[in-house]
Ligand code: NAP
Ligand code: ZN
């Protein structure tokens, strides 16, 4: 069994300002990578700027990262990083800015281009990275992955490198108070996917069990409360913990078919990442259940609910796809799913027909 997580995770109220000393020695100029609004709305940027000023650290802000970042935005960020002579990077936001920050760090350090960013042989070094999550979902602050979209082919795919584990993750649940109901739901469902995929993955390991079981429980107990009381600290902290647990889990197990099936639903039909995982969650569990009923029943025993009760709980969140899956989608995207790197980790051999059936049930 292996547990390897080279990220210092500091989770709690006001963690940036209370740990301002952690910023010394990282570098003299930071590139802040974020989305259009999240860094400001969440309050994370204000806290960071105060601490950077205290430490006499200069910075440049790059706030153009869109949801599901495309490779062009990484090229632009790497150029800014080099032109401004930055020497470390701070990602602030949901998974999109955090993944972008990771990819920018690799691209800038290794002079990569949009055509070779996925080539792991070229990933030789990276700049120090700080992650400040503002959603409770991807757990990207605790993973060595970055997921990018090719805007020409509309193919979404991730890569992993130990070099892009953040050095420090500052996880302050207060930054998630400003999330609306939809993003709160979708991102929590993403975290739930990661935890369940830790059970499904071939790399499943007993050492991860406490994170998986406790994380699923935290989501079941706190998601509705966060939706109803968005600025309740205790509920938000529980969801953020679950999200970090999800990141810790997939850092070891990677994701599986559930994510591979979800990616084209995002690129073609515009479903948010977490929602795309959510609409197939029950069908994926049913597909795997026969092979993994021992592991899954142990989870349900821990949760003190049955699989059906879990499905009833999920149904409350209206995770329903209202579009229509086209023939063209099936023709072009099923081969993409079959060839995705996550497929190697499935607990059983999955064929094209089974993937088609899941899409057609939507
Ligand atoms: P996101 O795409 O980062 O953000 C979704 C939306 O929420 C954006 O409009 C964003 O605004 C807004 N938002 C974020 N934080 C906010 C806050 N505190 N208050 C108000 N609005 C806020 O969503 P995400 O689900 O966290 O990330 C999804 C991405 O992560 C996908 O590309 C997915 O593939 C990837 N992912 C990565 C990993 C990994 O291990 N690296 C794992 C799973 C998923 P702005 O536009 O202003 O930012
Ligand atoms: Zn995910």
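Here are a few things to note about the model shown:
- Test: residue 180 is near ligand 1 (Cβ under 10 Å from one of its atoms) and more than 15 Å from the chain's Cα centre (by Cα): yes
- The residues of the range 137-163 that are within 16 Å of ligand 2 (Cβ to nearest atom) and more than 13 Å from the chain's Cα centre (by Cα), listed by number, are 149, 156.
- Considered as a group, the residues in the range 200-239 that are within 15 Å of ligand 2 (Cβ to nearest atom) and more than 17 Å from residue 137 (Cα to Cα) include one that is surrounded by the fewest Cβ atoms within 10 Å (Cβ to Cβ), and that residue is 201.
- Going through (1) more than 12 Å from ligand 1 (Cβ to nearest atom); (2) without any contact (Cβ under 8 Å) to a residue 60 or more places away in the chain; (3) surrounded by 18 or more Cβ atoms within 10 Å (Cβ to Cβ) one by one, residue 146 falls short only on (1).
- Matching option when the condition is touching a residue at least 12 places away in the same chain (Cβ under 8 Å), surrounded by fewer than 19 Cβ atoms within 10 Å (Cβ to Cβ) and under 18 Å from the mean Cα position of the chain (by Cα), among 8, 36, 17, 29: 8
- Any hit, the range 84-99, residues being closer than 18 Å to residue 150 by Cβ, surrounded by fewer than 24 Cβ atoms within 10 Å (Cβ to Cβ) and within 16 Å of ligand 2 (Cβ to nearest atom): no
- Entry remark, the range 123-164: residues being assigned to a loop (DSSP other than H, G, I, E, B) and under 30 Å from residue 46 (Cβ atoms) number 11 in total.
- Selection within the range 165-177 - outside any loop (DSSP other than H, G, I, E, B) and surrounded by fewer than 24 Cβ atoms within 10 Å (Cβ to Cβ): 168, 174
All of the numbers you see were taken from the coordinates with simple rules; none came from a lab. Computed from a predicted structure; not experimentally measured. Cβ coordinates were reconstructed from backbone atoms using ideal geometry, including for glycine residues, and neighbour counts include every protein chain displayed.
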